[in-house]
């Protein structure tokens, strides 16, 4: 596992110019853009970068060679989630720092404690995205996964549109009220359970996708 | 070290049926044309492809169940696959250090220097020879008990080929229990290195023989039709019709030399073995 982490870190470092550019852009955007944009921007870019290590692994029959090394599919999949997860959390923390410092520099009062639910909801969104992207990337590769993700988003948009039409305005407002009535603790529990469940399903899908891959 | 027993694997347009053994302390060659089944056999041995039936054991363990610990004792060089070409050799060294507890960093650096492999250049800028040397070096610097080399010298000039063969010889000298399974198109490599040879064609093993026996006893008899009719064919493995009569491949050329003193007998090497047995002899 340590060897895989080392490999992914070194693959990431091959793109250090892009990473520095992303970070510089994040600092600039954090300072010039009011609101929470930066909290999603940086972690998502980092997630895309870290997940792209799967494409590097796959290039030039890379998977075939990789599994001749002392690793197995379980170790590979586990390492990807740990690597992307840690990178996601670190970038989320950095984005909070940029968000706070930018706020202070603009003369705003920053109360992180009261903003905790909002901050953690960003972490949850990033984790959901990670759980969504990794198995698709493993199953369909770099080009295929781009297409699949676009198709899924397209289908999701159509579904939302159709649901909105089917349910009607009244039912949607009623649903919104139901969500609003859930206490913060209850909502947090639902989100945490959702995140854990999505990670478990995602891990199983990734593992199966890799097992089925012809090496 | 490796025992492949009655393995069968069926694909849409190809079927593999193989049995082979690589004993401890031996170098075994697997030869055959492109698409004969060499790479699939190697992938099965490494547990990357599951056979439909039969068994593949490495270190007395089913290859599909090989753990990371088991794989630490195997060094693999594949023909067209290796570490990401976006990495440099320095990166590869650091990864191997983390990957293999027995990785010999001093040997790795020493060999890189000797073989003129640049440490800081990314692999995608390497020449074919440099890539091949790096692949072999990666496989043999963690004190593996077993090396599996798929075409390690393909596309190389004579100098680079000799460097790789020297590396393999050094590796064998260090520990006489070490084994190598090697595939190659270059017969001279195999003749110099291998103790025994398996010839695979259309997914089946056609011949298994000690290299010395192939070089000493195998030969091609070139006879006209009249001589062919009278010839004792007990030791003829295969005959091919030629313009002058017949080319007969034998595994007992001394028998024919003694009993048919007038006929032309050419030495049969691995190239001739492959060509005659797979129908490509001219």
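Just a few scattered comments:
Conditions (1) over 27 Å from residue B:27 (Cα atoms); (2) assigned to a loop (DSSP other than H, G, I, E, B), marked per residue:
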{"site": "B:190", "(1), (2)": "no, no"}
{"site": "B:200", "(1), (2)": "no, no"}
{"site": "B:207", "(1), (2)": "no, no"}
{"site": "B:226", "(1), (2)": "yes, no"}
{"site": "B:234", "(1), (2)": "yes, yes"}
{"site": "B:237", "(1), (2)": "no, no"}
{"site": "B:241", "(1), (2)": "yes, no"}
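- From the options A:48, A:44, A:38, residue that is surrounded by fewer than 15 Cβ atoms within 10 Å (Cβ to Cβ) and either closer than 19 Å to residue A:104 by Cα or more than 14 Å from chain B (Cβ to nearest Cβ) (or both): A:48
- The residue of the stretch A:51-61 that is nearest to residue A:21 (Cα to Cα), among those that are within 10 Å of another protein chain (Cβ to nearest Cβ) and surrounded by 19 or more Cβ atoms within 10 Å (Cβ to Cβ), is A:53.
- Of all residues making up the stretch A:41-68, the number that are farther than 28 Å from residue B:149 by Cβ and not in a loop (DSSP other than H, G, I, E, B): 11
- Selection within the stretch B:141-172 - more than 16 Å from the chain's Cα centre (by Cα) and touching a residue at least 40 places away in the same chain (Cβ under 8 Å): B:141, B:142, B:143, B:144, B:145, B:163
- Being in contact with a helix residue (DSSP H, G or I) (Cβ under 6 Å, 6 or more places away or on another chain) and under 22 Å from residue A:185 (Cα atoms) holds for only one residue in A:124, A:142, A:131, and it is A:124.
- The stretch A:23-43 residues that are more than 21 Å from residue A:125 (Cα to Cα), paired with ones that are loosely packed, with under 13 Cβ neighbours inside 10 Å (beta carbon under 8 Å, 6 or more apart): A:31/A:105; A:31/A:106
- For the stretch A:64-107, the tally of residues that are buried (at least 21 other Cβ atoms within 10 Å of the Cβ), touching a residue at least 40 places away in the same chain (Cβ under 8 Å) and closer than 19 Å to residue A:209 by Cα stands at 6.
All of the numbers you see were taken from the coordinates with simple rules; none came from a lab. Just so we're clear, the structure is a prediction, and the values are computed from it rather than from any experiment. All Cβ positions, even for glycine, are placed from backbone atoms using ideal geometry, and neighbour counts span all protein chains on display.
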